[in-house]
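Asks: Please read through the structure below; I'll follow up with questions.
The values are calculated or read from the model by the stated rules, or taken from the named source; none is laboratory data. A quick note: this is a predicted structure, and the numbers were derived from the prediction, not measured. As a convention, Cβ positions derive from the backbone with ideal geometry for all residues, glycine included, and neighbour counts pool all protein chains shown. Heads up: the accessible areas ignore ligands, DNA and RNA and are worked out on the full protein's heavy atoms, side chains in. Shrake-Rupley method; radii C 1.70, N 1.55, O 1.52, S 1.80 Å.
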Amino acid sequence: MSEATSINASRTYQIPDAENGNKSLLDSAAGFLDWVLAPLSRAGFMISAAVAGLMAVPITIDVLARFLFSKSIPGIIELEEFAMVLIVFLSLGYAQKQEGHLLIDFVTCKLAPRTARLLETFNTFTSAMFFSLMTWQTILFIPQKAEEYSTMLKIPLWVFMAITAFGLALLSIALFQQFLRSLSNNIKDRAGLGLVLVFIAAVAILTIPFWVKALPWSMSRFGYGLSGMAFMMLLLFLGMPIGFAMAIVGFSGLSIVGFNMTSALTTLGVAPYSTTASFILAVAPLFIFMGMLASEAGISGELFESAYKWLGRLPGGLAVAAVAGCAGFAAVCGDSMATAVTMGSVSLPEMQRKKYDSGIACGALAAGGTLGILIPPSVGFIFYAIVTEESVGKLFIAGIIPGILLAIMFIVCILLRAWAHPELAPPGDAVPMKEKLLALKGIIGMLMLFILIMGGILGGVFSPTEGGAIGVVGAFLIAIVRKRITWAGLKSACERTVFVTTKLLMILIGVGILGYFFASSRLPFELATFVTGIGMNKYTVLFAIIVVYIILGCLMNVIPMILLTLPALFPTVTALGFDPIWFGVLTVIIMEMGQITPPVGVNVFALSSVAGGIPMGAIFKGIFPFFLCMVLLLLLLIAAPQTATWLVNVFF
């Protein structure tokens, strides 16, 4: 079909232009779907936010009951598992509609608008059809759960399987509504030939299991695994959300490698619920919510104020205080971007007032933000532990010394630059000792939360998941005592927690389906056997992994990176004899290097939102010395692994 023919055909879908009071039938259909979807998705999202705000309560009551009365409340684990189902699936559609799920836009953001819209049509159509199939398969499993009840509370499981199907249906509708909007734009662009190619590609992808099996030749399981990995990377760079691409490739690969499609379809129906209904995964929204509440409680501002009173008189004192504040806030917030933005909004205006060089000011904050995912509690370590099944507690402890060392390196770097060029970062005002001592009250909130959480975990009083719940309650109480909590702030914290959790869990669902394919193809294990069999020096392999991670870190956030790469790489790392806890610390540092390096250092982009017009190039230039500090820490960890493992051996 020629482009002209396509355009002529499209006119049958057009009625007088919107400017004359009408719009295309495609836009009208999308508007109708939005009219249906909006109240349902919004209501589901509000329920998710309420559940996220309350899920720490039963865990805290159970911990207190154990501690005070040596009695445990039955069914807490089941309640949290059901809470995770509600949080994730009741917000899937709304997250897609409002912000979209996590994707790599490094390539698509540079395309011409017309081409980008065609890719959006391809992604939304392919994803809508795939999740419609997943919804149907989940519905088919509801009757099988009709006679099943939770072990302790005897709650019928079919209810939560139905909620899973409902959430997937809302996601499918949201995607189909976006597809109609995008298709309407393509028709207005007169992209007839492009649309033909888009639909051919989409149908080819959705029918991969059928036409690949019909080919006169076949590959080994390992070959299918490698091809699946390459195909997934192609979809990711075409702008398909990470979790979506992983699920599609996992399902297609499992259909091809398996003897028939039955196992793949079964996985499609079971994986969303079984992946999400996990007490261990509840640690993610709990720690995320704790960080949100800590920010609402004003802990970040007080940390900077305290650090400035003690360190501000040093050369570059404001930047030094900002890094020290980042290190302190990292102990109550497990995300690097949140740490950079929160501390930046507090300290950057003061540095600008003191005429600090923008490179030093923003470089210190962007690099200091990376401490948020290294100093425990860390969301990065949490998801590393989930994928690798390593101990969260050990990873938390392993990150303490490297995190402190990196903060010290950043501070020394600032001091040296300010000493050599005082005009770039002048010292602050002198502060009397009495004010310094009074300022110490600003670190009390952070210390209380850190000691409460880490002390409880290391003392065996509660698990990391329970520690997250205790941290939520602690942060909430601090906010109340300081009279910093408002209904709007609490609502915002709950909503942001749901958005982040839903997007990360969508990737985990994709990881689960992709994992079945990888296990069937034996890709991770064959890679490990191949690497160890060729006799290559293990540090050469490690260097290659470091380079890959730094590159990937420039393109996506750290958590999706962990979820995307570890299932394939981790068996190779352990087969080479590297300590998995040590490698966890190394992984987080390497990935954080990518968060501050061009072309897409997400910490830099996030910080630019509060930087008041400072050129992006100036920020990237200011980051270079801090990047060298991270390289130095990596070399230290490789030369002396006990830097990360010594404290672990002391406590475990």
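Asks: Being under 22 Å from the mean Cα position of the chain (by Cα), surrounded by 17 or more Cβ atoms within 10 Å (Cβ to Cβ) and without any contact (Cβ under 8 Å) to a residue 60 or more places away in the chain: is that true of Thr124 here?
Replies: yes
Asks: Across segment 506-562, which residue is modelled with the lowest pLDDT among those that are closer than 30 Å to Leu281 by Cβ and aromatic (Phe, Trp, Tyr)?
Replies: Phe525
Asks: Taking segment 168-186 as the region of interest, how many residues are touching a Gly at 6+ places or on another chain (Cβ under 7 Å) and crowded, with 24+ Cβ neighbours inside 10 Å?
Replies: Selection size over segment 168-186: 3.
Asks: Among the residues of segment 67-91, what is the count of those that are in contact (Cβ under 8 Å) with a residue 24 or more places away in the chain, part of a helix (DSSP H, G or I) and more than 17 Å from Ser278 (Cβ to Cβ)?
Replies: 1
Asks: Based on what the data block shows, is Leu234 in contact (Cβ under 8 Å) with a residue 24 or more places away in the chain and either open to solvent by 10 Å² or more (accessible area, probe 1.4 Å) or not acidic (Asp, Glu) (or both)?
Replies: no
Asks: Please tell me if Val332 is part of a loop (DSSP other than H, G, I, E, B) and modelled with pLDDT under 85.
Replies: Considered against the rule, which asks whether it is part of a loop (DSSP other than H, G, I, E, B) and modelled with pLDDT under 85, Val332 comes out as yes.
Asks: Next up: Out of Ala50, Ala43, which single residue is open to solvent by 40 Å² or more (accessible area, probe 1.4 Å), modelled with pLDDT of 95 or more and within 22 Å of the chain's Cα centre (by Cα)?
Replies: Only one candidate qualifies: Ala50.
Asks: Filtering segment 199-231 down to residues that are farther than 17 Å from Pro524 by Cβ and of a type in the set (S, T, N, Q), which residue is most open to solvent (accessible area, probe 1.4 Å)?
Replies: Ranking the candidates gives Ser218 first.
Asks: I would also like to ask the following. Any residue in segment 443-456 that is more than 11 Å from Ile470 (Cβ to Cβ) sitting within a Cβ distance under 6 Å of a residue that is surrounded by 13 or more Cβ atoms within 10 Å (Cβ to Cβ) and polar (S, T, N, Q)? List the pairs, counting only those 6 or more apart or interchain.
Replies: Note: pairs meeting the criteria are Ile443/Ser306.
Asks: Next question. Working only within segment 92-107, note down all residues that are within 20 Å of Pro272 (Cβ to Cβ), open to solvent by 50 Å² or more (accessible area, probe 1.4 Å) and either touching a His at 6+ places or on another chain (Cβ under 9 Å) or aromatic (Phe, Trp, Tyr) (or both).
Replies: none
Asks: Just to be sure, is Thr275 under 30 Å from Leu54 (Cβ atoms), among the β-branched types (Val, Ile, Thr) and open to solvent by 20 Å² or more (accessible area, probe 1.4 Å)?
Replies: Judged against the criteria, Thr275 is a match.
Asks: For residues that are free of Cβ contacts under 8 Å to residues at least 12 places away in the same chain and of a type in the set (A, V, I, L, M, F, W, C), tally how many sit in segment 387-411.
Replies: Residues in segment 387-411 being free of Cβ contacts under 8 Å to residues at least 12 places away in the same chain and of a type in the set (A, V, I, L, M, F, W, C): 1 in total.
Asks: I'm trying to understand the selection: among the residues of segment 528-540, which are surrounded by fewer than 17 Cβ atoms within 10 Å (Cβ to Cβ) and closer than 17 Å to Gly223 by Cβ?
Replies: Those that are surrounded by fewer than 17 Cβ atoms within 10 Å (Cβ to Cβ) and closer than 17 Å to Gly223 by Cβ: Thr529, Phe530.
Asks: How about segment 154-167: which of its residues are in a helix (DSSP H, G or I) and open to solvent by 70 Å² or more (accessible area, probe 1.4 Å)?
Replies: Listed by number, the residues that qualify are Trp158, Phe166.
Asks: While we're on this one: Could you check segment 453-487 and list, in sequence order, the residues that are assigned to a helix (DSSP H, G or I) and surrounded by fewer than 19 Cβ atoms within 10 Å (Cβ to Cβ)?
Replies: Listed by number, the residues that qualify are Gly455, Leu458, Leu477, Ile480, Val481, Trp487.
Asks: Select from segment 629-646 the residues that are open to solvent by 30 Å² or more (accessible area, probe 1.4 Å) and in contact (Cβ under 8 Å) with a residue 12 or more places away in the chain and list them in ascending order.
Replies: Listed by number, the residues that qualify are Val631, Leu632, Leu636, Ile638, Pro641, Trp646.
Asks: Now for a different question. State yes or no: is Thr151 at pLDDT 95 or above and either crowded, with 22+ Cβ neighbours inside 10 Å or of a type outside the set (A, V, I, L, M) (or both)?
Replies: When the stated conditions are applied, Thr151 does not pass them.
Asks: Further, regarding this structure: Which residues, taken from segment 257-289, are modelled with pLDDT under 90 and either farther than 24 Å from Leu157 by Cβ or touching a His at 6+ places or on another chain (Cβ under 7 Å) (or both)?
Replies: Within segment 257-289, Val257, Gly258, Phe259, Asn260, Met261, Phe287, Ile288 qualify.
Asks: Regarding Ala284, is this residue surrounded by 24 or more Cβ atoms within 10 Å (Cβ to Cβ), closer than 22 Å to Gly512 by Cα and of a type outside the set (D, E, K, R)?
Replies: It is true that Ala284 is surrounded by 24 or more Cβ atoms within 10 Å (Cβ to Cβ), closer than 22 Å to Gly512 by Cα and of a type outside the set (D, E, K, R).
Asks: Scan (1) touching a Leu at 6+ places or on another chain (Cβ under 7 Å); (2) at pLDDT 90 or above; (3) farther than 27 Å from Lys145 by Cα for the single condition Leu226 breaks and write down its number.
Replies: The one condition Leu226 does not meet is (2).
A quick yes/no check of all residues on (1) in a loop (DSSP other than H, G, I, E, B); (2) closer than 30 Å to Val472 by Cβ:
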site	(1), (2)
Gly239	yes, no
Ala245	no, no
Ser278	yes, yes
Val283	no, yes
Leu286	no, yes
Ser295	no, yes
Ser306	no, yes
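Asks: I'm trying to understand the selection: among the residues of segment 77-113, which are at pLDDT below 95 and of a type in the set (Val, Ile, Thr)?
Replies: Ile77, Ile104, Val107, Thr108
Asks: Let me ask another. Could you check segment 517-527 and list, in sequence order, the residues that are part of a helix (DSSP H, G or I), open to solvent by 10 Å² or more (accessible area, probe 1.4 Å) and farther than 19 Å from Ile562 by Cβ?
Replies: Answer for segment 517-527, where residues must be part of a helix (DSSP H, G or I), open to solvent by 10 Å² or more (accessible area, probe 1.4 Å) and farther than 19 Å from Ile562 by Cβ: Ser520, Phe525, Glu526.
Asks: Taking segment 187-198 as the search range and keeping residues that are part of a helix (DSSP H, G or I) and open to solvent by less than 40 Å² (accessible area, probe 1.4 Å), which one is nearest to Ala146 (Cα to Cα)?
Replies: Val198
Asks: Of these, Gly403, Gly399, Gly445, Gly393, which one is open to solvent by less than 10 Å² (accessible area, probe 1.4 Å), closer than 30 Å to Ile478 by Cα and touching a Lys or Arg at 6+ places or on another chain (Cβ under 9 Å)?
Replies: Gly445
Asks: Could you grab the pairs with beta carbons closer than 8 Å, sequence gap of 6+ or different chains, first residue in segment 282-302 and at positive phi, second one in a helix (DSSP H, G or I)?
Replies: As it stands, the answer is Gly298/Ala479, since those pairs meet every condition given.
Asks: A further question follows. If you scan segment 308-329, which residues turn out to be over 26 Å from Met591 (Cβ atoms) and assigned to a helix (DSSP H, G or I)?
Replies: Tyr308, Lys309, Trp310, Leu311, Gly317, Leu318, Ala321
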